[in-house]
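Peer 1: Take a look at this one; I'll ask things after.
Throughout, read-outs are computed from the coordinates displayed, never taken from laboratory work. Note that the structure is predicted; figures quoted are calculated from it, not measured. Because the Cβ atoms are built from the backbone with ideal geometry, glycine has one as well, and the counts that use them run over all protein chains shown.
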Amino acid sequence: MQSLEVFNTLSRKKELFEPLNAPFVGLYVCGPTVYNDVHLGNCRTFISFDLIYRYLVHSGYKVRYVRNITDAGHLEGDRDEGDDKFSKKAKLEQLEPMEIVQKYTLGFHEVLREFNTLPPSIEPTATGHICEQIEMVKKILANGYAYEVNGTVYFDVEKYNKQYDYGQLTNRQLEDLISNTRELGGQDEKRGRLDFALWINAKPEHIMRWPSPWGWGFPGWHIECSAMSSKYLGDVFDIHGGGMDLQATHHTNEIAQSQACNHSAPVKYWMHTNMLTVNGVRMSKTAGNGFLPHELFTGNHDLLEQGYSPMTVRFFMMQAHYRSTLDFSNEALKAAEKGLKRLLGSISLAEKLQPSEKSTVNIKELIDKCYQAMNDDFNSPIVISNLFEASRIANSAFIGKEQLTTSDIVDLKLLFKHFAFDILGLKQEILSENNKVLDDVIAVLIEMRHEAKMKKDFAASDRIREELKKINIILKDTKEGTIWTYEEEI
């Protein structure tokens, strides 16, 4: 079992990740709010935590991965102003709220299948856990950290902060948070500006509402994750993740709710993915530079010069550390596409390598470097750089510039399998019709070259080899016949 150094948001440093006598590693990731299509920023978060989940499992941990679906509540603003998003969307499209939920949940799952992410162990929904949320609100009230006004229950942030540090996740003082919070119209019920709703009184015409000790209503956004994470992972669990945009409010409030309820900090390690930018500008609807996954796949967007496959996009995202800003541009995506083709070509080529009696490389050292990178806060960019080194070795061995023993070839194949496929989650792209035609054309040329050699027309044989080499198609004669590879740089 590998020893992992992970980044803990609370401590601002990497710490040794060692679950103590736990039956499993508890991993909770805030899932999507399914009232609209999943956006690319969400996808980066889920792809990043798919990498983390895959590596924990590969390293021998038993992992319970919980990723929730938000299908109730979630007001327009973080401070509980505005309308319920699901009710608003349902009225707009003249559908039942659960039709909206089903439509976008299916779309979310389809997008993540395209990106080859593994499903979580449990995917609970907010509407399926109303009872648990009500019980948690009751406990927080009983512990004195909440108050009820006209059927709405608010969390008392200032009272909580007297015993605990409310701003610990983002290292901010309560006074600064209050001074930077605007006054909200119609929120006279609250005792403090930072107070947030745990349970919200619903008007009679509200579509999604449930009975509670405080009347008919629906849960606040923040309470759902606290209730579901504690149910499936316990009051204290190992890793909680999400996008960095959730730190300041959602995750800060999660900590407060859970601590106020259970008198203990809920999470050992907080991990957050960074934002996406497009040509250096933050990706957002208001900036007009945001695009959905299917637009990225088809190229059907003004900012895109072409479409990019899901594996190209996944590979592109892995080239930046999950805590680093990731900038989308056509140039960067094309470079990722080219690099992925090269890597996958080398992986296929490794199956054709012939062993030598001696070795000129150290594959085990390369494998160790990949593990060291993953153990250092899941550093996928370093893993990819080592995979490209493995790619170079495979290509060089194919044309005789490097020598690999049988053991080296086995290790090389394992390196590709474990890190490219099992951990990074890449998969071989399906051959297009053009690729199949290319295969057939080269097969014909190889046969023509073979016939020329049989007739001792070595000039024609050499010319076929050299002409193919000019377009980066390399032929190699083996005991089993002639094999070929396409490589832009060897």
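Peer 1: I need the fraction of alpha carbon pairs in the range 338-472 separated by more than 24 Å, rounded to a whole percent.
Peer 2: On the way: 3872 of 9045 pairs.
Beyond 24 Å sits 43 percent of the P(r) for the range 338-472.
Peer 1: Is any residue of the range 145-165 close enough, with backbone N under 18 Å, to a label point placed 7 angstrom from the Cα of Trp210 along the Cα-Cβ axis, and if so, which?
Peer 2: Of the residues in the range 145-165, 151-155 have backbone N under 18 Å from the label point off Trp210.
Peer 1: Ok, one more. ³J(HN,Hα) across the range 414-424 via Karplus (A = 6.51, B = -1.76, C = 1.60, θ = phi - 60°), whole Hz, x for Gly/Pro?
Peer 2: Using θ = phi - 60°, the values come out as 5, 4, 4, 4, 5, 8, 6, 9, 5, 9, 6 Hz.
Peer 1: Taking only the Cα atoms of the range 316-367, how large is their convex hull per residue, in Å³? Provide the component values of the computation, followed by the final result.
Peer 2: Numbers: hull volume 5.7 nm³, N = 52.
Taking only Cα atoms, the range 316-367 has a hull volume of 109 Å³ per residue.
Peer 1: May I have the convex hull volume per residue, in Å³, for the Cα set of the range 246-285?
Peer 2: Value for the range 246-285: 67 Å³ per residue.
Peer 1: Once the Cβ-Cβ distance between Thr406 and Asn279 is put in as r, and R0 is 56 Å, what FRET efficiency do you end up with, to the nearest 0.05? Walk me through the numbers before you get to the answer.
Peer 2: Numbers: r = 48 Å, r/R0 = 0.86.
The computed FRET efficiency comes out at 0.70.
Peer 1: Could you sort 126-133, 27-34 so that the peptide with the highest average Cβ count within 10 Å comes first and the rest follow in order?
Peer 2: Values: 126-133: 19.8, 27-34: 24.9.
Put in order of decreasing packing, that is 27-34, 126-133.
Peer 1: Report Rg/Rh for the chain, rounded to two decimals, where Rg is the Cα radius of gyration and Rh the Kirkwood radius.
Peer 2: Rg/Rh for the chain comes to 1.07.
Peer 1: Using θ = phi - 60° and the Karplus curve 6.51 cos²θ - 1.76 cosθ + 1.60, what whole-Hz ³J(HN,Hα) does each residue of the range 347-352 get, with Gly and Pro shown as x?
Peer 2: 5, 5, 5, 4, 5, 9
Peer 1: Assuming R0 = 51 Å, what is the FRET efficiency of Lys91 and Ala460, from their Cβ-Cβ distance, to the nearest 0.05? Walk me through the numbers before you get to the answer.
Peer 2: Details: r = 75 Å, r/R0 = 1.46.
Calculated value: 0.10.
Peer 1: Could you give the length gained on full extension between Gln102 and Glu429, defined as 0.36 nm per residue of separation minus the Cα-Cα distance, in nm? The partial results should precede the final answer.
Peer 2: Values: separation 327, 0.36 × 327 = 117.72 nm, distance 2.97 nm.
Value of the extension gain: 114.8 nm.
Peer 1: Now, a different point. Mind checking the full-extension length gain between Tyr164 and Lys358? Use 0.36 nm per residue of separation minus the Cα-Cα distance, one decimal, nm. Display every interim value, and only then the final one.
Peer 2: Values: separation 194, 0.36 × 194 = 69.84 nm, distance 6.35 nm.
Extra length available between Tyr164 and Lys358 comes to 63.5 nm.
Peer 1: Angle, helix 221-233 long axis vs. longest principal axis of the chain, Cα atoms, 0 to 90°, nearest 10?
Peer 2: Its long axis makes an angle of about 70 degrees.
Peer 1: Also: Using only the alpha-carbon atoms of the range 277-423, report the extent along each of the three principal axes, biggest first, to the nearest angstrom.
Peer 2: Principal extents (largest minus smallest coordinate, Cα): 62, 30, 22 Å.
Peer 1: Report, in listed order, any pair from Lys358/Lys413; Lys14/Lys413; Lys13/Lys338; Lys341/Lys453; Lys13/Lys369 with a Cα-Cα distance greater than 25 Å. It would help to have the intermediate numbers written out before the result.
Peer 2: Working: Lys358/Lys413 18 Å; Lys14/Lys413 31 Å; Lys13/Lys338 35 Å; Lys341/Lys453 32 Å; Lys13/Lys369 22 Å.
Beyond 25 Å between Cα atoms: Lys14/Lys413; Lys13/Lys338; Lys341/Lys453.
Peer 1: Continuing with this model, one more query. Show me the ranking of peptides 364-374, 250-260, 195-205 by mean Cβ neighbours inside 10 Å, starting with the highest. Spell out each step's value before the answer.
Peer 2: Numbers: 364-374: 16.6, 250-260: 24.5, 195-205: 19.6.
Highest mean packing first, the order is 250-260, 195-205, 364-374.
Peer 1: Now a separate question. Work out the FRET efficiency for Glu15 and Ser264 from their Cβ-Cβ distance, taking R0 = 22 Å, and round it to the nearest 0.05. Spell out each step's value before the answer.
Peer 2: Working: r = 18 Å, r/R0 = 0.83.
Working from the Cβ atoms, E equals 0.75.
Peer 1: Using 0.36 nm times the number of residues separating Ser3 and Ser309, minus their current alpha carbon distance, what extension gain do you get?
Peer 2: On the way: separation 306, 0.36 × 306 = 110.16 nm, distance 3.41 nm.
Gain in length upon complete extension: 106.8 nm.
Peer 1: A follow-up question, please. Would you mind checking the tilt of helix 130-142 against the longest principal axis of the Cα atoms of the chain, expressed as 0 to 90 degrees and rounded to 10?
Peer 2: 50
Peer 1: Next question, about the same structure. Please list, short to long, the whole-number percent of alpha-carbon pairs of the range 168-253 in consecutive 10 angstrom bins beginning at zero.
Peer 2: Per 10 Å bin, starting at zero, the Cα-Cα P(r) for the range 168-253 comes out as 13, 36, 35, 15, 0 percent.
Peer 1: Please report, in cubic angstrom per residue, the volume enclosed by the convex hull of the alpha-carbon atoms of the range 4-273.
Peer 2: Details: hull volume 34.0 nm³, N = 270.
Looking at the range 4-273, the number lands at 126 Å³ per residue.
Peer 1: Against the 2.2 N^0.38 Å scaling, with N counting residues, where does the range 1-41 land? I'd like the Cα-based Rg ratio to two decimal places.
Peer 2: Values: Rg = 15.2 Å, N = 41, 2.2 N^0.38 = 9.0 Å.
Scaled against compact globular proteins, the figure is 1.69.
Peer 1: Let me make sure I get this right: for the range 266-357, a, b and c are the square roots of the gyration tensor eigenvalues over alpha carbons, sorted descending. Under 1.5 in a/c it's rounded, otherwise prolate if a/b > b/c, else oblate. Which is it? Before the final figure, lay out each step's value.
Peer 2: Working: a/c = 2.95, a/b = 1.45, b/c = 2.04.
It comes out oblate by the Cα gyration axes.
Peer 1: If each residue's Cβ is checked for other Cβ atoms within 10 Å, how do Tyr160, Tyr61 rank with the fewest at the top? Can you show the working numbers first?
Peer 2: Working: Tyr160 24, Tyr61 19.
Fewest-to-most Cβ neighbours within 10 Å comes out as Tyr61, Tyr160.
Peer 1: Separation between the Val57 and Val441 pseudo-spin-labels, each 7 Å from Cα along Cα→Cβ, expressed in nm?
Peer 2: My value for the distance between the label points is 4.0 nm.
Peer 1: Rounding to the nearest 10 and keeping the result within 0 to 90°, find how far the Cα-based axis of helix 458-470 lies from the longest principal axis of the chain.
Peer 2: 20
Peer 1: Once you place label points 7 Å from the Cα toward the Cβ at Ser324 and Leu118, how far apart are they in nm?
Peer 2: 2.5
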